[in-house]
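The values are calculated or read from the model by the stated rules, or taken from the named source; none is laboratory data. What you see is a predicted model; the values in this text were computed from it and never measured. Every residue, glycine among them, receives a Cβ derived from its backbone with ideal geometry; neighbour counts consider all protein chains shown.
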Amino acid sequence: MKHFIHLKDIPANDLKKILADAKKRKQKRSKLSTLQLDKDCPLKGKLLIQMFEKSSLRTRLSFYLAIKQLGGGTITLRSNELHLGEGGESLEDTAKILSTYGDGFMLRTDSDEKADSFKKYLSIPIINGLSPSSHPTQVLSDIFTVQEIKKKPISKLNISWIGDSNNVLNSLIAASVKFSFKLSIGCPKRYEPKKIILNWANKKNKKIYVFNDTKKAVENADVIFSDKVISLNDRVNKKNKINDFKNFKVSKKLLNYAKKDCTFLHCLPRGSEVDDDVFRSKNSKVWLQALNRVHVQKSILLYCLGKLR
Ligand code: CP
Ligand code: NVA
């Protein structure tokens with residue numbers, strides 16, 4: 001059984017196979033409308049249970065469409081409506097019930113330990129739909145978007161990140177190892193990625209650079225990523241943190257240091273880390289980025305449910 005919790009734990013070849021499948025499926029359904037099923041209906045009769053402990057728009061909708069287009073169905077749970085935690089039911093019992101009714105479990109959680117416990121007790125695959133330490137479905141889909149736009153393997157591109165060392169960046173660092181691309185990170189000194197993550201990555205990919213200067217971080221970039229300074233699971237003084245990032249914003253002026261055709265990506269929702277004229281510029285491909293989550297998550301579901309061809 002294949003789980004999808006952290007990119008670092010998934011073999012590079014599997015990730016590449018998922019992207020190849022997503023590309024084929026996307027091309028094949030170019031003339032179909034939103035709820036029309038893929039011809040082969042590979043997940044006919046299958047149920048994806050989604051559970052959200054935190055807000056979500058894109059992850060929720062894209063998984064809904066993904067399983068539907070594959071011929072299956074989904075139900076969405078909010079953790080505060082279950083017995084888990086408050087009603088005296090153990091996580092193990094909840095996991096057994098989820099496995100009895102469902103074929104796959106997508107969890108957005110405020111605890112990585114909880115995702116690991118579910119993995120231990122489930123007999124169906126678990127997909128991490130965002131945890132404090134990673135956002136793997138988002139980043140794998142972003143690799144797809146980059147390769148689709150640039151029409152070349154991401155290993156041939158210079159990728160930059162301006163912003164916090166959060167879950168999305170952790171997954172991007174893991175992706176830089178799996179897909180061997182150059183990653184330049186721009187963030188304030190005290191918000192650099194954790195040593196344990198950089199040490200792991202640096203052993204495998206010699207192309208990860210950290211700068212405390214945005215211009216250096218985006219020099220010659222093909223793609224610039226950014227994300228909110230305050231993440232869903234952040235327990236910090238928000239005002240202070242936002243102030244710490246006041247010189248780490250993506251502006252038109254900053255884009256001048258990147259390649260002329262540089263693409264701007266942002267997983268959304270956004271804050272003040274990107275200027276509106278960049279977000280709405282022709283360099284910005286954020287809407288395509290959001291849409292592609294449907295296509296890539298379909299192939300992630302197929303991978304987890306043992307149906308990836
Ligand atoms: N990018 C992303 O995961 O968005 P949601 O929080 O809306 O799901
Ligand atoms: N880093 C952000 C991503 C939101 C999709 C967060 O965790 O809130």
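When the range 87-136 is filtered for residues that are within 16 Å of ligand 1 (Cβ to nearest atom) and assigned to a strand (DSSP E or B), the ones remaining, listed by number, are 106, 107, 108, 127, 128.
Take the range 46-87 and flag every residue that is over 14 Å from residue 102 (Cα atoms), among the aliphatic types (A, V, I, L, M) and over 16 Å from the mean Cα position of the chain (by Cα). Matches in the range 46-87: 65, 70, 82, 84. Contact map, the range 1-26: first residue closer than 25 Å to residue 68 by Cα, second residue part of a helix (DSSP H, G or I) and among the hydroxyl-bearing types (Ser, Thr, Tyr), Cβ cut-off under 6 Å, separation 6 or more or different chains; pairs are 2/303; 7/171; 18/299; 18/303; 21/299; 22/299.
Scanning the range 222-262 for residues that are aromatic (Phe, Trp, Tyr), under 17 Å from residue 283 (Cβ atoms) and away from ligand 2 (no atom under 12 Å from the Cβ) gives a single hit, 257.
Screening the range 28-58 for residues that are hydrophobic (A, V, I, L, M, F, W, C) and in a loop (DSSP other than H, G, I, E, B) and picking the one that is farthest from residue 74 (Cα to Cα) gives 32. The set of residues from the range 18-52 being within 16 Å of ligand 1 (Cβ to nearest atom) and either in contact with a Lys or Arg (Cβ under 6 Å, 6 or more places away or on another chain) or farther than 20 Å from residue 124 by Cα (or both) comprises just one member, 52. Out of everything in the range 132-175 that is acidic (Asp, Glu) and more than 11 Å from ligand 2 (Cβ to nearest atom), what residue ends up being surrounded by the most Cβ atoms within 10 Å (Cβ to Cβ)? Here the residue is 142. Taking the residues in the range 249-297 that are away from ligand 1 (no atom under 16 Å from the Cβ) and part of a helix (DSSP H, G or I) as candidates, determine which candidate is surrounded by the most Cβ atoms within 10 Å (Cβ to Cβ). For the range 249-297, the residue satisfying everything is 254. Please state which one of 309, 280 is at pLDDT 95 or above and of a type in the set (Lys, Arg). Result: 280 is the single residue among 309, 280 that is at pLDDT 95 or above and of a type in the set (Lys, Arg).
Count of the range 59-82 residues, restricted to those that are of a type outside the set (D, E, K, R), more than 16 Å from ligand 2 (Cβ to nearest atom), within 27 Å of residue 25 (Cβ to Cβ) and assigned to a helix (DSSP H, G or I), is 5. Quick one: in the range 62-93, of everything that is in contact (Cβ under 8 Å) with a residue 40 or more places away in the chain and aliphatic (A, V, I, L, M), which residue is surrounded by the fewest Cβ atoms within 10 Å (Cβ to Cβ)? Across the range 62-93, the extreme among qualifying residues is 65.
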